[in-house]
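Undergrad: The structure that follows is given in the form of structure tokens.
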């Protein structure tokens with residue numbers, strides 16, 4: 001356990017010291033995954049179907065605020081959907097606009113959750129999200145996770161119906177519109193997941209705030225088990241008995257990730273190095289405020305216990321120095 | 001001669017201004033009622049736009065059924081439903097806007113109190 005704490009402290013110290021590089025790098029990796037997910041699965045618009053576009057956009061968005069990066073990512077996805085018709089891209093843009101109007105007006109800093117949720121969905125471990133947000137935030141932030149889930153299922157539905165959307169080139173535009181809207185309004189699986197995620201988020205939030213021992217661990221375990229059971233029952237009731245091994249495996253991995261997350265985040269007093277400038281009547285100040293935890297980090301010290309051996313060596317050194325007529329310090 | 005204590009205090013204040021203060025300090029310029037009213041007004045505009053977007057989505061999705069109702073000259077019933085749902089939606093949404101605004105204002109006032117205290121201490125140094 002001590003080794004784990006040591007590793008944790010080292011990682012935190014590394015992040016604190018190199019925050020200026022670590023933060024954009026993490027953002028870059030997340031955005032790159034999201035952009036590549038769109039590029040490989042939804043690259044319907046030939047004019048922008050070039051691998052350099054997602055690469056350049058992920059580099060550029062890594063240095064801007066996450067809210068703006070999420071908007072650019074959304075527009076890139078909409079541009080790709082335009083290849084299937086204006087209707088599909090339009091429905092997607094309306095979804096984004098709705099989420100901005102109703103939620104992101106209040107919480108612009110939660111944009112990364114909308115990007116992270118579809119990425120984790122793609123990997124098969126979206127069940128991490130409601131538990132992790134319940135642990136670290138209030139139930140309000142679950143809205144970002146729910147929006148990310150809706151975006152993922154919409155895009156998944158569009159991918160599954162690409163043939164119908166491409167074939168209905170000559171058909172009525174309302175057919176395309178209807179197919180696109182169906183992916184949100186008539187997607188039972190999506191609404192099941194959205195409902196369960198919201199419920200789990202609230203449950204985890206309530207349990208981890210209880211004044212009991214190991215509240216965080218209990219919250220993760222209860223959240224993980226209840227989530228798995230609810231989705232399983234929901235799938236069976238709704239007549240969708242597929243993907244169950246993936247669901248069970250994904251839930252187990254998600255709970256494991258949440259335990260690691262809890263270990264890393266719990267009682268973590270994260271303080272970063274601050275660089276500030278100010279002035280008074282006499283001076284200009286350029287201050288670099290370093291958190292005490294970094295300064296106090298001890299370096300390893302080697303202490304020799306075998307004193308007799310060390311003493312003997314010292315005596316030999318002194319004798320040689322006397323013979324050579326030099327200062328014994330020069331021999332060290 | 002640099003006054004170390006003063007530098008320490010000024011650094012803390014500057015760090016606050018650079019981070020949390022960016023959102024908090026502007027809220028301090030408002031009275032509580034003005035801040036919440038502004039939030040509600042913005043909520044009313046965005047909520048109305050969002051409701052009609054949602055209505056448009058529903059109308060397009062329900063296409064045929066809606067046309068049948070319109071053909072049956074059931075205008076009154078449809079308009080009544082649209083207005084009732086608009087009312088319910090806005091009451092819910094504006095309540096959330098009110099609660100969020102109130103919570104933010106109270107939280108900002110709390111941190112601004114200590115900020116102002118620190119500023120006064122700096123002035124007296």
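The values are calculated or read from the model by the stated rules, or taken from the named source; none is laboratory data. As the structure is a computational prediction, the values presented were derived from the model and not from experiment. Counting neighbours? That spans all protein chains shown, and the Cβs are built from the backbone with ideal geometry, glycine included.
Undergrad: If you go through region B:107-122 one residue at a time, do you hit one that is over 26 Å from residue A:184 (Cα atoms), out of contact with any helix residue (DSSP H, G or I) (no Cβ under 6 Å at 6 or more places or on another chain) and not in a helix (DSSP H, G or I)?
TA: Within region B:107-122 (the criterion being over 26 Å from residue A:184 (Cα atoms), out of contact with any helix residue (DSSP H, G or I) (no Cβ under 6 Å at 6 or more places or on another chain) and not in a helix (DSSP H, G or I)), the answer is no, since none of the residues qualifies.
Undergrad: Further question on the same structure: So how many residues does region A:264-320 have that are part of a loop (DSSP other than H, G, I, E, B) and modelled with pLDDT of 75 or more?
TA: Narrowing region A:264-320 to residues part of a loop (DSSP other than H, G, I, E, B): A:266-273, A:280-283, A:290-291, A:297-306.
So of that shortlist, the ones also modelled with pLDDT of 75 or more come out as A:280-283.
The total comes to 4.
Undergrad: Looking at this structure, is residue A:165 closer than 15 Å to residue A:82 by Cα, part of a helix (DSSP H, G or I) and more than 14 Å from every other protein chain (Cβ to nearest Cβ)? Walk me through it before giving the result.
TA: On the way: closer than 15 Å to residue A:82 by Cα: yes; part of a helix (DSSP H, G or I): yes; more than 14 Å from every other protein chain (Cβ to nearest Cβ): yes.
When the stated conditions are applied, residue A:165 passes them.
Undergrad: Identify the single condition in (1) within 14 Å of chain B (Cβ to nearest Cβ); (2) without any contact (Cβ under 8 Å) to a residue 24 or more places away in the chain that residue A:91 does not satisfy, given that it satisfies every other one.
TA: (2)
Undergrad: While we're looking at this one, here's another question. Being exposed (fewer than 13 other Cβ atoms within 10 Å of the Cβ) and either over 31 Å from the mean Cα position of the chain (by Cα) or at positive phi (or both) is the filter here, so list the residues in region B:1-24 that pass it.
TA: B:1, B:2, B:4, B:5, B:8
Undergrad: Kindly indicate whether residue A:148 is surrounded by 23 or more Cβ atoms within 10 Å (Cβ to Cβ), in the same structural domain as residue A:181 (by TED's automatic domain parsing) and within 20 Å of residue A:186 (Cα to Cα). Full working, then the answer.
TA: Numbers: surrounded by 23 or more Cβ atoms within 10 Å (Cβ to Cβ): yes; in the same structural domain as residue A:181 (by TED's automatic domain parsing): yes; within 20 Å of residue A:186 (Cα to Cα): yes.
Spelling it out, residue A:148 is indeed surrounded by 23 or more Cβ atoms within 10 Å (Cβ to Cβ), in the same structural domain as residue A:181 (by TED's automatic domain parsing) and within 20 Å of residue A:186 (Cα to Cα).
Undergrad: Considering region A:17-39 alone, what residues qualify as being farther than 30 Å from residue A:158 by Cβ, assigned to a helix (DSSP H, G or I) and at pLDDT below 90?
TA: At the first step, the residues of region A:17-39 found to be farther than 30 Å from residue A:158 by Cβ are A:17-25.
Checking the rest, the ones that are also assigned to a helix (DSSP H, G or I) come to A:17, A:19-25.
Answer for region A:17-39, where residues must be farther than 30 Å from residue A:158 by Cβ, assigned to a helix (DSSP H, G or I) and at pLDDT below 90: A:17, A:19, A:20, A:21, A:22, A:23, A:24.
Table: residues versus (1) touching a residue at least 12 places away in the same chain (Cβ under 8 Å); (2) within 12 Å of chain A (Cβ to nearest Cβ); (3) assigned to a helix (DSSP H, G or I).
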position: B:10; (1), (2), (3): yes, yes, yes
position: B:29; (1), (2), (3): no, no, no
position: B:43; (1), (2), (3): yes, yes, yes
position: B:46; (1), (2), (3): no, yes, yes
position: B:55; (1), (2), (3): yes, yes, yes
position: B:79; (1), (2), (3): no, no, yes
